[in-house]
Amino acid sequence: MGRVVLEVSNLRVQIKGDEGIARILDRIDFRLDQGRILGVVGESGCGKSTLIRTILGILPDGASIESGRIMFEGEDLLAFSESEMTRTVRGSRIGFIPQDPYLALNPLFKVGQQILEIMRWHARPMAGPGKPAEQHRKHLIALLRRVQLPDPEGALERYPHQFSGGQRQRLVIAAALACAPTLVIADEPTTALDVTTQQQILYLLRELVEEFSISMLFVTHDLSVVSELCDDLCVIYAGQSAEQGPVRAVLDAPEHPYTRALLACHPDRSSGFVGIPGAVPSPLRAPPGCRFAPRCPQAMPACTTRIAGMIPVADDHRVNCLLYEATLG
């Protein structure tokens, strides 16, 4: 275990809508250490996007944080004002790689204008001769060359539509790294890419994390990508943390019944079409206690009224399940 860069504890978020209050996140817990990649995995609708928006402080109108802490480099981001998040966190200390490279860049402006504007507002002062604008341009060209974008000098003068999907993804990766952040959040950055390009981007992200000594929160629903890229894994079900640990430990010896059921559905582990009986509960009518209990073959009466919290089962491996509380007790 190294220095903790990001630690989320007991995070609960609700959104008020026309149909009532939806409790999207219900006691999310995980930690991310320096220089490591943490994969956050869950089905569609489990709260992954809300988690990202909460960390970045960009929740929609009607959303509120019921409880919890988001400790980033020793500071609670939930105590920051909007102006503090804009000036000192977003873009500078936390970079973001969006899911869709086609929507991430404004089609009306050259890519150089867009990324250099980010650097003008958020980049820290750079050592060496020259004015800040000249330093930023030189640094960006070097970064575009590092992410293997052809003709980086010419790329700054081109518009987004003049790049392929893989090249656009390299552009937004460069934009996320341009201000030398400590943490990068990647929101399913390979979903819109073909398999060959996806593999190239994964290798590139792994290299960049090691080269720049950054930490990465990699949000996805693809367990194959997690196995290829990540050091650690956090499994989320219906807004609740289910399990976290080293990626090989979780994938090879899953402890939570949901993690086991999820892995059993993977094509590499099943001989046919396999699913999990039942349905993911609506956040508007979420059951009390463990939200997986109605679908869990090992559920106990206590599972319908409370949750265990993250219980250690091995080194750096924790599981949110009353089965282990009963075993330990």
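The values are calculated or read from the model by the stated rules, or taken from the named source; none is laboratory data. Because the structure is predicted, anything quoted here is derived from the model rather than measured. All Cβ positions, even for glycine, are placed from backbone atoms using ideal geometry, and neighbour counts span all protein chains on display.
A few remarks follow.
- Qualifying positions in the stretch 100-143 - surrounded by fewer than 17 Cβ atoms within 10 Å (Cβ to Cβ) and under 22 Å from the mean Cα position of the chain (by Cα): 100, 102, 103
- Within the stretch 159-186, residues that are within 18 Å of residue 119 (Cβ to Cβ) reach partners that are surrounded by 21 or more Cβ atoms within 10 Å (Cβ to Cβ) and of a type in the set (Ser, Thr, Tyr) with beta carbons closer than 6 Å, at six or more positions or on different chains, in the pairs 183/215.
- Verdict on residue 190 being on the phi < 0 side of the Ramachandran plot, free of Cβ contacts under 8 Å to residues at least 60 places away in the same chain and not in a helix (DSSP H, G or I): yes
- Listed by position, the strands (runs of 3 or more DSSP E) enclosed by the stretch 9-73 that each have at least 1 residues that are of a type in the set (Lys, Arg) are 20-33, 63-72.
- Residues (of a type in the set (Ser, Thr, Tyr) and either touching a Ser or Thr at 6+ places or on another chain (Cβ under 7 Å) or surrounded by 21 or more Cβ atoms within 10 Å (Cβ to Cβ) (or both)) located in the stretch 201-237: 215, 220, 237
- Residue within the stretch 200-214 that is assigned by TED's automatic domain parsing to the domain that holds residue 73, in a loop (DSSP other than H, G, I, E, B), touching a residue at least 60 places away in the same chain (Cβ under 8 Å) and among the aliphatic types (A, V, I, L, M) present: yes
- Yes/no for residue 62 being touching a strand residue (DSSP E or B) at 6+ places or on another chain (Cβ under 6 Å), surrounded by 15 or more Cβ atoms within 10 Å (Cβ to Cβ), over 24 Å from residue 172 (Cα atoms) and not hydrophobic (A, V, I, L, M, F, W, C): no
- Strands (runs of 3 or more DSSP E) enclosed by the stretch 230-329 - at least 2 residues per element that are of a type in the set (Lys, Arg) and in contact (Cβ under 8 Å) with a residue 60 or more places away in the chain: none
- Test set (1) modelled with pLDDT under 90; (2) surrounded by 17 or more Cβ atoms within 10 Å (Cβ to Cβ) - residue 274 fails condition number: (2)
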